[in-house]
Structure formats: structure tokens, C-alpha cells
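Student: Sharing a structure, written as C-alpha cells. Questions coming.
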Amino acid sequence: MTRTGRRLLIASGLVVALVAGGVAAYFSTDSRAKESRKGAGKGPPAVPVSVATVVQQTVPIRLQAIGNVEAFQTVALKARVDGQIVAVNFKEGQPVKKAEILFRIDPRPYEAALRQAEANALRDRAARDQARSQEKRYQELLQKNFISKEAYAQIRTNAETAEASAKASQAALENARLNLEYCTIRSPLDGYVGKVLLQAGNMVRANDANPLVVINQVRPIYVNFAVPEQNLPEVRKRQAESPLPVSVVPTDPALPRTTGQLIFIDNAVDASTGTIRLRAQFDNEDAVLWPGQFVNVSVQLYEQADAILVPSGALQTGPEGQYVYVIGEDSLAEVRKVTVSRADGEQAIVTSGLKRGERVVTRGQLRLGPKTRVQIAKPAAEPS
């Protein structure tokens, strides 16, 4: 084959290869285009979310704080006489009633002192009566000029001395009776006793530094707490209108709130913390509150009518502030900027951006964006 023939044969082969490649590329491109159009018609899958309906209702406006429970009264019992403790008539931690006998101190030395004081009082009363009678007779003799004035003055002085001695003996008798009474130590109030610091058999001294036991009255009871000084004008204004209700929020949501009243506003703001100290009083009939306990306190200032409420879990925070995802009738998510005035437990009060009846996303926000299609998850069925 000549050189020219070989060139024609190579050229023909190249043309056939190019034509075959073009046909293959055409069919491949056409197939991908069809698949692309098919996928475009189907779209991305819907994002499952949980939603809640925006409600409008009257809600109480509250201040939240951490409070400390304080006993209504605390008494540290101490002995008022020296002696040996012969009886302890209670168990540690139990409730006691007012005037209930708690301790007994050996009364025998004080009984003997009382008998001696009674005898001294009888003796001095008799001497006083004798001196009075003598002074009366000498006064009659003086009127008849049978005795001198100096003699009568001496008799009168003796009578006055006897009178003073009788009064001193009577005072000693009353003191002896008190000392004997102090041998029986009673509860001065209704409350709960603490740990006994001196058991039976120990010697005790009057007004010793350490008490015998401490009693706390818990019905009623106080709760002390503090709020920012910015809230002071509102608190004083509402308190002047009527006593403000204060409630202790239990850690278990299933338990009821314990309700009391605000009774005290401190006369100065704490400059170191910028807070004002408040005190509430609770009846505490069921003894739920206990001295020294830390509790969550809520002060209700007033009630706000027609407030827009959303679950706090629906709120998201972005560069421009807080927002929520609103789900329309077309099941598409819409980003809505909102203004929140305050949170009340698990609910937030919104002042702008939402209206009653709209649906907001409470779970599943991480996969959402503007115009994202959603699928609303049904709430789980409650167990029967």
C-alpha cells in the first residue's frame, strides 16, 4: 500500500471514532438531564419538627429570686440556776408545745432554801408586828408626856427597821420560790427542738455560754430574699396598694406552691450588690419550709391582660436578636423576629412579632432555614 493510501485509511478511522464518541456523549448527557429533571421534581425531604400554638391570655407578672428560710422565732434555752440535770423529757428533733416541760434540775437544794426563807419571813413578820405594837403604845405615852421625844424616836426607828427586815425576808422568800421554779425548764413557744447539748446527769451553771437546746418556731415562718434595686419602685407601689402575694416554687412541678405575703421591705439598698432585701411570711401549716433552706421565690406584682405567650423552647437567638420559626398553612418555615419582654417559667411573653393562633417550632430548629418544608410530628400518645 502506498503512503497516500495509508494516510486515507488513518483519516477514515479517526472520523469514525469521533462520530462514535459524539453519539455516546449525546446519549449520556441526555440520560443525566432526564435524571436531573426527575430529581428536581421530587425536591428535598421535609424536616420533622414539633410545633406549639401561640396563645393569648392573662398572665401574672412576677419577680423571681432565691430565698433563704428563717425561723419565726429562735430560742436558745439556758439554765437560770446551778445544779444537776436529772431529767430530759423530749427527743431530739421532735415538736414541742409552749409550757411543755423539757428539763428538770435537782430541786432539793432549792426546796431547802425555800423552807429557810419561809422561816426567816415568819420570824421577821413577827418582829415587825411587835415593833409596830410597841411604837403605837409609845406614841400614846408621848401624847400624855409620860416619855421623852428621844425615847419615842428610838422606838419608831426600831419599828421601821423591823418593817424593812420583814420586806427583805419576803423578797428572799419570793427569790427562793423563783429558784425552785427555775429547776423546771419549760418550752417558751411551739416549735421543734434541736440537738440536746447537755444530757441528764451533767452539771449546769446559770446563764452558761452554751445553751441546753435550741428551739425553732416554724409556724409561721419567714423567707428572706433580694431583688434588683431597679424593681424597688414597682414593688413599693404595688405593696402600697395591697399586700403582694409571694410563693415558693417547689423543685418538683407536681407539688403545689406554698403561698404567703410580703411583709417587709428593707430601709436601704445594699450598695455592694445593688439589691434590696425583702421578707415574706408563710403560715407553713404543713411544715414544708424549714429554717436554713434555700428556695425559689416568686413575687406577683400584677396581672397582664391579653399577653402573647410562646414556649421558651421556641425562641432562638441570632445576630439581630431573638427570632422564631413560624409554620404557615403551606408547611413552609418562616423566620420571624420577635421582641420578648420576660420569661415566666416555661413560657415567654412576646410583645411584638407574633399573633394568637400562629404555629411556632419548638423542636427541630437546627435543620431549618427560610422556606424549608416541614413535617409536623404528632405528639406521643399518653399511656393508658
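The values are calculated or read from the model by the stated rules, or taken from the named source; none is laboratory data. Because the structure is predicted, anything quoted here is derived from the model rather than measured. Here Cβ is always computed from backbone atoms with ideal geometry, including for glycine, and neighbour counts include all displayed protein chains. Keep in mind that these areas ignore ligands, DNA and RNA; they rest on the heavy atoms of the full protein, side chains included. Shrake-Rupley method; radii C 1.70, N 1.55, O 1.52, S 1.80 Å.
Student: Any residue at all in the range 364-377 that's outside any strand (DSSP E or B), within 30 Å of Gly191 (Cα to Cα) and either without any contact (Cβ under 8 Å) to a residue 40 or more places away in the chain or aromatic (Phe, Trp, Tyr) (or both)? Steps first, answer last, please.
Tutor: Quick first cut of the range 364-377, residues outside any strand (DSSP E or B) only: 364-372, 377.
Narrowing further to those that are within 30 Å of Gly191 (Cα to Cα): none.
The answer is no; no qualifying residue exists.
A quick yes/no check of all residues on (1) farther than 30 Å from Ala206 by Cβ; (2) surrounded by 12 or more Cβ atoms within 10 Å (Cβ to Cβ):
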position: Lys91; (1), (2): no, no
position: Glu100; (1), (2): no, yes
position: Tyr110; (1), (2): no, yes
position: Ala121; (1), (2): no, yes
position: Ala151; (1), (2): yes, yes
position: Ile155; (1), (2): yes, yes
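Student: Of Pro311, Pro370, Pro319, which residue is open to solvent by less than 40 Å² (accessible area, probe 1.4 Å), at pLDDT below 95 and either in contact with an Asp or Glu (Cβ under 6 Å, 6 or more places away or on another chain) or farther than 30 Å from Gly194 by Cα (or both)?
Tutor: On the way: Pro370 fails: open to solvent by less than 40 Å² (accessible area, probe 1.4 Å); Pro319 fails: open to solvent by less than 40 Å² (accessible area, probe 1.4 Å).
Just a single option satisfies the conditions, and that option is Pro311.
Student: Could you tell me whether Asn224 is under 26 Å from Phe72 (Cα atoms), at pLDDT 95 or above and either crowded, with 17+ Cβ neighbours inside 10 Å or under 15 Å from the mean Cα position of the chain (by Cα) (or both)? Even if it seems obvious, please write down each step before you answer.
Tutor: Numbers: under 26 Å from Phe72 (Cα atoms): yes; at pLDDT 95 or above: yes; either crowded, with 17+ Cβ neighbours inside 10 Å or under 15 Å from the mean Cα position of the chain (by Cα) (or both): yes.
Yes; evaluated as a whole, the condition is true for this residue.
Student: Just to be sure I understand the filter: pairs with C-beta atoms under 9 Å, separated by 6 or more residues or on different chains, first member in the range 247-262 and over 23 Å from Arg236 (Cα atoms), second member charged (D, E, K, R) and surrounded by fewer than 16 Cβ atoms within 10 Å (Cβ to Cβ). Which pairs pass?
Tutor: Correct list of pairs: Pro250/Arg257.
Student: Now a separate question. Any idea which residue in the range 140-169 is farthest from Arg115 (Cα to Cα), counting only those that are polar (S, T, N, Q) and in contact with a Lys or Arg (Cβ under 8 Å, 6 or more places away or on another chain)? Quick ask: steps written out before the conclusion?
Tutor: Keep residues of the range 140-169 that are polar (S, T, N, Q), which gives 143, 145, 148, 154, 157-158, 161, 165, 169.
Okay, now just the ones that are also in contact with a Lys or Arg (Cβ under 8 Å, 6 or more places away or on another chain), so 165, 169.
Working: Ser165: 18, Ser169: 12 Å.
Selected residue: Ser165.
Student: It is to be established whether one or more residues within the range 293-301 are over 26 Å from Arg342 (Cβ atoms) and touching an Asp or Glu at 6+ places or on another chain (Cβ under 8 Å). Walk me through it before giving the result.
Tutor: Restricting attention to the range 293-301, the residues satisfying the condition of being over 26 Å from Arg342 (Cβ atoms) are 293.
Among the residues that remain, those that are also touching an Asp or Glu at 6+ places or on another chain (Cβ under 8 Å) are: none.
So far as the range 293-301 goes, no, none of its residues is over 26 Å from Arg342 (Cβ atoms) and touching an Asp or Glu at 6+ places or on another chain (Cβ under 8 Å).
Student: Of the conditions (1) touching a residue at least 24 places away in the same chain (Cβ under 8 Å); (2) within 22 Å of Lys98 (Cβ to Cβ); (3) in a loop (DSSP other than H, G, I, E, B); (4) not polar (S, T, N, Q), Asp208 fails just one. Which one is it?
Tutor: Checking Asp208 against (1) touching a residue at least 24 places away in the same chain (Cβ under 8 Å); (2) within 22 Å of Lys98 (Cβ to Cβ); (3) in a loop (DSSP other than H, G, I, E, B); (4) not polar (S, T, N, Q), the one that fails is (2).
Student: Moving on to the next point. What are the pairs with Cβ atoms under 6 angstrom where one residue, in the range 96-115, is among the acidic types (Asp, Glu) and the other, located anywhere, is part of a loop (DSSP other than H, G, I, E, B)? Sequence gap at least six, or different chains.
Tutor: Matching pairs, first to second residue: Glu100/Ser187.
Student: Is one or more of the residues making up the range 44-57 exposed (fewer than 10 other Cβ atoms within 10 Å of the Cβ), farther than 30 Å from Pro250 by Cα, under 55 Å from the mean Cα position of the chain (by Cα) and at pLDDT 50 or above?
Tutor: Step one: filter the range 44-57 for residues exposed (fewer than 10 other Cβ atoms within 10 Å of the Cβ), giving 44-45.
Then keep just the ones that are farther than 30 Å from Pro250 by Cα; that gives 44-45.
Retained after the next criterion (residues that are under 55 Å from the mean Cα position of the chain (by Cα)): 44-45.
Of the ones still in play, those that are also at pLDDT 50 or above are 44-45.
Scanning the range 44-57 turns up at least one residue that is exposed (fewer than 10 other Cβ atoms within 10 Å of the Cβ), farther than 30 Å from Pro250 by Cα, under 55 Å from the mean Cα position of the chain (by Cα) and at pLDDT 50 or above.
Student: Please work out which residue is least open to solvent (accessible area, probe 1.4 Å), limiting yourself to the range 256-279 and to residues that are in contact with a Ser or Thr (Cβ under 9 Å, 6 or more places away or on another chain) and at pLDDT 95 or above.
Tutor: Step one: filter the range 256-279 for residues in contact with a Ser or Thr (Cβ under 9 Å, 6 or more places away or on another chain), giving 257-260, 269.
Add one more test, that the residue is at pLDDT 95 or above, and what stays is 260, 269.
On the way: Gly260: 10, Val269: 57 Å².
Among them, the one singled out is Gly260.
Student: Examine the range 233-244 for a residue that is open to solvent by less than 60 Å² (accessible area, probe 1.4 Å), part of a strand (DSSP E or B), touching a residue at least 24 places away in the same chain (Cβ under 8 Å) and of a type in the set (Val, Ile, Thr), and state whether such a residue exists.
Tutor: No, the conditions are met nowhere in the range 233-244.
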